[in-house]
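The values are calculated or read from the model by the stated rules, or taken from the named source; none is laboratory data. A quick note: this is a predicted structure, and the numbers were derived from the prediction, not measured. Counting neighbours? That spans all protein chains shown, and the Cβs are built from the backbone with ideal geometry, glycine included. Protein only, heavy atoms only, side chains kept; ligands, DNA and RNA dropped before computing areas. Shrake-Rupley method; radii C 1.70, N 1.55, O 1.52, S 1.80 Å.
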Amino acid sequence: MVPAPTPSFSVPEALRKEGLSQSDYEEICRRLGRAPNRAELGMFGVMWSEHCCYRNSRPLLRGFPTSGPRILVGPGENAGVVDLGEGQRLAFKIESHNHPSAVEPFQGAATGVGGILRDIFTMGARPIALLNALRFGPLEEERNVGLMEGVVAGIAHYGNCVGVPTVGGEVAFDPSYAGNPLVNAMALGLMETEEIVCSGAAGVGNPVVYVGSTTGRDGMGGASFASAELTEASLDDRPAVQVGDPFLEKGLIEACLEAFQSGDVVAAQDMGAAGLTCSCSEMAAKGGLGIELDLDRVPAREPGMTAYEFLLSESQERMLFVVAAGREEPLMARFRCWGLQAAVVGRVLQENVVRVLQHGAVAAEVPASALAEDTPINHHDLLAEPPAEIRGHWSWSEAQLPPADAAAGLALPEGRLDWGTVLLRLLDDPTIASKRWVWRQYDHQVQANTVVLPGGADAAVIRLRPQQGAGALAPARRGVAATVDCPNRWVALDPERGAMAAVAEAARNLSCTGAEPLAVTDNLNFPSPDTPTGYWQLAMACRGLAEACGALATPVTGGNVSLYNETRLPDGRLLPIHPTPVVGMVGLVHDLAHVTGLAWREPGDAVWLLGVPPEERGDERVGLGASSYLEGIHGALTGRPPLVDLALEGRVQGFLRQAIAAGLVRSAHDLSDGGLAVALAEACIASGLGARVDLPAGGRPDRALFAEGGARLLVSVAPERAAAWGQALAAAAADGEPLPARALGTVTPEPTLSIRQAGRPLLELALERLRDTYEQAIPRRMGAAGPPPDR
């Protein structure tokens, strides 16, 4: 038993440093029956942080659907696992590394990649793909340019060196992220072990083995750092940022998968946030047992480290195992062959405690459940109605827009704009524009399983081919598709509809490739929940996610919550980010031969729009509220996002997948930011072909061109498949309500996008001009004439 200390440190100062309240301290004393020592207080600080225990969000997360016929592992483990059939299982997870990336963008982003990879291979899965969701402030500001350069370089460095392809993602820009960029990393892995490796300790007396890198003083208190607002002072807190070694992690991947296949490992946990404290307490709590840890046996990088420093270090590339008694020496020899550290550092106890020894004495002793299971919950009152500011935005209507005419264009205070100029301005928006500058820096083809290159389809597609054994040489017939999505502008104006739209768009993106959506991992990036508006945003977004995931049969298998994403400005004001619930979704491609991209395929193909037509006046499912057009052209972030019709989403997406499987569709692309005109332009740019489109009469031209929402998809159909396409639409209508579908025009060999409305010209733009604007928007702002050299 650790001696009952009289605190030899300033309790108020220690509580401030650990992010704990006075009531937290009193509860800790009650649970221990005494005052904690400094190391124990540090353990509670990291484990009771929002980053580790979700003390503000846990009640909301319980509303998510988490089970389904394909779900093998749901929330609570290092990653979710889904059954792909034919003996294949996929592990996947998304995590954030926001605050570290704000402080040190290169290492913050790099170690975010390393951490999510460890979540995957800890389950016994070989990582096969990486994606990321990034948010930055406007690139017109030099600091944001530096942040983006550092983050992208860090992601590229770690992923490229470790040998896992970065195959997709999204990047968006808004002033709210200027002081607090978002870096969310998602990874997928194909299970290589017979049994899924879980983290609960088992077998009293079994040895606890530490493997990987050494423990140093880097990353100290990273979990607490990630659970507080950013300030001018915290932006200088570089010790809270970890330093990664992707080459060491590559050895760790191989050694771990070998060890798991041997059957010697009883339980495994990576050392991410909160380091040794988290791995010991979570393994003990999940197993209903205890762990004794001897710090004198932990491989140390620096001399003279205190118990506090050992326990809170977040040095990278480290793992903790419970190993079958008597098998520890062969297992450690395996890791040493890979040039890694390996040491027996403790044992499994019957008593449900985490007992820490150093220099022959007990340095800390805490009930495991108090650290990892029975943790505090912060209760908040939910506003009975939306905040007044949000209600004000919802009162906006399209009637408040300036006059618009097909021929005369758009009347703005600074003068008239023709519709071609409006489209070019939207294509020059970095959120909409090509992300080639980003993905050219990633190795997206390592492992030779990437089916679609970045930008080639609405989702990434990877072959389901094992990396080892006889299956590695066999041709792959099936694949897995993955995407990350969040319309943060929509979420800022209506968190519930915006979160629903994130799920719907992710499923649409997968469906556009022909993949069947299976499951979701989410990353909830929000400002402080301690304000009434902040908690309302979080609660309503969770409600929207739960409803959409349930309606589209995509259960949530886990994820991450990142709160307090806001910056304290020098004048004391807080700048919160847009609430950004990023949805990572995976889907199954049953036949790689039918994978569909977004580019037109052949001149003469018919162009069709599936979903709600924009000229439907009064239809809340499509509109200009909260649109890219409204913000980018009129400078107004306002309006209410369109109503998300989940039933229609399911019908449209299901029909598209069936049509792709039947070989009826040559290309498919969802309508998102910028609406129909941007989607048409992107299909032209990707293919090098033009399109001639005539939209029906009715309503404002800008609504027809740039409205968002409506479960809408743009597809092309070969002339020889026109009859079968018509029969498929008729069959869909025979099953109930007709599927909204409209022929818009034709793919042309001439490199021109021509759009008319009821025969009246709206815009006509050369493909070269579209492409130059779209491709150079980001490089021009980054100060480069073109993409950087491939890394």
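Of the residues 154, 146, only one is in a helix (DSSP H, G or I) and either surrounded by 24 or more Cβ atoms within 10 Å (Cβ to Cβ) or among the aromatic types (Phe, Trp, Tyr) (or both); which? I'd like the intermediate steps shown before the answer.
Details: 146 fails: either surrounded by 24 or more Cβ atoms within 10 Å (Cβ to Cβ) or among the aromatic types (Phe, Trp, Tyr) (or both).
None of the others qualify; the one that does is 154.
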| task | Being farther than 25 Å from residue 539 by Cα and either open to solvent by 30 Å² or more (accessible area, probe 1.4 Å) or out of contact with any Gly (no Cβ under 6 Å at 6 or more places or on another chain) (or both) narrows it down to one of 84, 61, so name that one. | result | 84
| Conditions (1) outside any strand (DSSP E or B); (2) under 15 Å from the mean Cα position of the chain (by Cα): number failed by residue 100 | (2)
| query | Do you know which residues across the stretch 590-608 are assigned to a loop (DSSP other than H, G, I, E, B), within 25 Å of residue 553 (Cβ to Cβ) and among the hydrophobic types (A, V, I, L, M, F, W, C)? | reply | 595, 598
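Out of 657, 666, which single residue is within 25 Å of the chain's Cα centre (by Cα) and either among the basic types (Lys, Arg) or at pLDDT below 95 (or both)?
None of the other options fit; the residue is 657.
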| Can you pull out the residues in the stretch 69-81 that are in a loop (DSSP other than H, G, I, E, B) and surrounded by 17 or more Cβ atoms within 10 Å (Cβ to Cβ)? | 70, 74, 78, 79
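Can you confirm whether the stretch 432-442 contains a residue that is among the basic types (Lys, Arg) and part of a loop (DSSP other than H, G, I, E, B)?
Keep residues of the stretch 432-442 that are among the basic types (Lys, Arg), which gives 435-436, 440.
Narrowing further to those that are part of a loop (DSSP other than H, G, I, E, B): 435, 440.
Yes, the stretch 432-442 has at least one match.
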| Filter result (hydrophobic (A, V, I, L, M, F, W, C) and either touching a strand residue (DSSP E or B) at 6+ places or on another chain (Cβ under 7 Å) or modelled with pLDDT under 95 (or both)) within the stretch 545-562 | 545, 549, 552, 556, 561
| said: Pairs needed: first member in the stretch 648-662, within 18 Å of residue 722 (Cα to Cα); second member anywhere, at pLDDT below 95 and in a helix (DSSP H, G or I); C-beta distance under 9 Å; at least 6 residues apart or different chains. | reply: 655/732; 658/732
| request: For residue 595, work out the one condition from (1) over 21 Å from residue 658 (Cα atoms); (2) surrounded by fewer than 23 Cβ atoms within 10 Å (Cβ to Cβ) it doesn't fulfil. | output: (1)
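I'm checking my understanding of the structure. Among residues of the stretch 282-322 that are of a type in the set (Gly, Ala, Ser) and surrounded by fewer than 20 Cβ atoms within 10 Å (Cβ to Cβ), which one is farthest from residue 351 (Cα to Cα)? So that I can check it myself, show each step before the final result.
The initial filter retains those residues of the stretch 282-322 that are of a type in the set (Gly, Ala, Ser), namely 284-285, 287-288, 290, 300, 304, 307, 313, 315.
Filter again for surrounded by fewer than 20 Cβ atoms within 10 Å (Cβ to Cβ), leaving 288, 300, 304.
On the way: 288: 9, 300: 28, 304: 30 Å.
Step by step, filter the stretch 282-322, then rank; the result is 304.
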| task | Only helices (runs of 4 or more DSSP H) wholly contained in the stretch 609-690 count here; list those with 2 or more residues that are open to solvent by less than 20 Å² (accessible area, probe 1.4 Å) and under 23 Å from residue 429 (Cβ atoms). | result | 628-634, 675-687
| field | Contacts under 9 angstrom Cβ, first residue in the stretch 81-96 being without any contact (Cβ under 8 Å) to a residue 24 or more places away in the chain and under 10 Å from residue 120 (Cβ atoms), partner assigned to a strand (DSSP E or B) and among the hydroxyl-bearing types (Ser, Thr, Tyr), 6 or more apart | value | none
| note | Among 482, 472, the single one that is open to solvent by less than 30 Å² (accessible area, probe 1.4 Å), farther than 17 Å from residue 671 by Cα, among the aliphatic types (A, V, I, L, M) and without any contact (Cβ under 8 Å) to a residue 60 or more places away in the chain is 472
| remark: Of all strands (runs of 3 or more DSSP E) fully inside the stretch 523-589, the set with 3 or more residues that are within 15 Å of the chain's Cα centre (by Cα) is 556-562, 580-589
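Return the residues of the stretch 4-27 that are without any contact (Cβ under 8 Å) to a residue 40 or more places away in the chain, within 36 Å of the chain's Cα centre (by Cα) and part of a helix (DSSP H, G or I); say none if nothing qualifies.
Residues of the stretch 4-27 that are without any contact (Cβ under 8 Å) to a residue 40 or more places away in the chain, as a first pass: 4-16, 20-23, 25-26.
Retained after the next criterion (residues that are within 36 Å of the chain's Cα centre (by Cα)): 13-16, 20-23, 25.
13, 14, 15, 16, 22, 23, 25, listed by residue number.
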| query | How many residues are β-branched (Val, Ile, Thr), in contact with a strand residue (DSSP E or B) (Cβ under 7 Å, 6 or more places away or on another chain) and open to solvent by 30 Å² or more (accessible area, probe 1.4 Å) when one looks only at the stretch 432-469? | reply | 1
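Residue by residue, here is whether (1) open to solvent by less than 10 Å² (accessible area, probe 1.4 Å); (2) among the β-branched types (Val, Ile, Thr); (3) on the phi > 0 side of the Ramachandran plot; (4) touching a strand residue (DSSP E or B) at 6+ places or on another chain (Cβ under 7 Å) holds:
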| position | (1), (2), (3), (4) |
| --- | --- |
| 499 | yes, no, no, yes |
| 503 | yes, yes, no, yes |
| 506 | yes, no, no, yes |
| 515 | yes, no, no, yes |
| 525 | yes, no, no, yes |
| 537 | no, no, no, no |
| 543 | no, no, no, no |
| Which pairs have Cβ atoms under 9 Å, sit 6 or more apart or on different chains, and link a residue in the stretch 437-455 that is free of Cβ contacts under 8 Å to residues at least 40 places away in the same chain to one that is open to solvent by 20 Å² or more (accessible area, probe 1.4 Å) and not in a loop (DSSP other than H, G, I, E, B)? | 448/463; 453/439
| query | Between residues in the stretch 30-46 that are under 20 Å from residue 305 (Cβ atoms) and assigned to a helix (DSSP H, G or I) and residues that are open to solvent by 30 Å² or more (accessible area, probe 1.4 Å) and polar (S, T, N, Q), which pairs lie under 8 Å by C-beta distance while being six or more apart or on different chains? | reply | 38/8; 39/306
| query | Here is a list of conditions, (1) open to solvent by less than 30 Å² (accessible area, probe 1.4 Å); (2) part of a loop (DSSP other than H, G, I, E, B), and residue 762 meets all of them except one; can you say which number that is? | reply | (2)
| field | Matching residues in the stretch 381-411 - criterion: being out of contact with any strand residue (DSSP E or B) (no Cβ under 6 Å at 6 or more places or on another chain), surrounded by 14 or more Cβ atoms within 10 Å (Cβ to Cβ) and in a loop (DSSP other than H, G, I, E, B) | value | 383, 386, 387, 396, 401
| Hey, among the residues in the stretch 204-248 that are in a loop (DSSP other than H, G, I, E, B), at pLDDT below 75 and over 22 Å from the mean Cα position of the chain (by Cα), which one's surrounded by the most Cβ atoms within 10 Å (Cβ to Cβ)? | 219
| request: Any residue in the stretch 314-337 that's over 16 Å from residue 269 (Cα atoms): show its pairings with residues that are charged (D, E, K, R) and open to solvent by 50 Å² or more (accessible area, probe 1.4 Å) at Cβ separation under 8 Å, as long as the two are six or more apart or on different chains. | output: 334/258
| request: Kindly indicate whether any position in the stretch 361-371 is free of Cβ contacts under 8 Å to residues at least 24 places away in the same chain and not in a loop (DSSP other than H, G, I, E, B). | output: yes
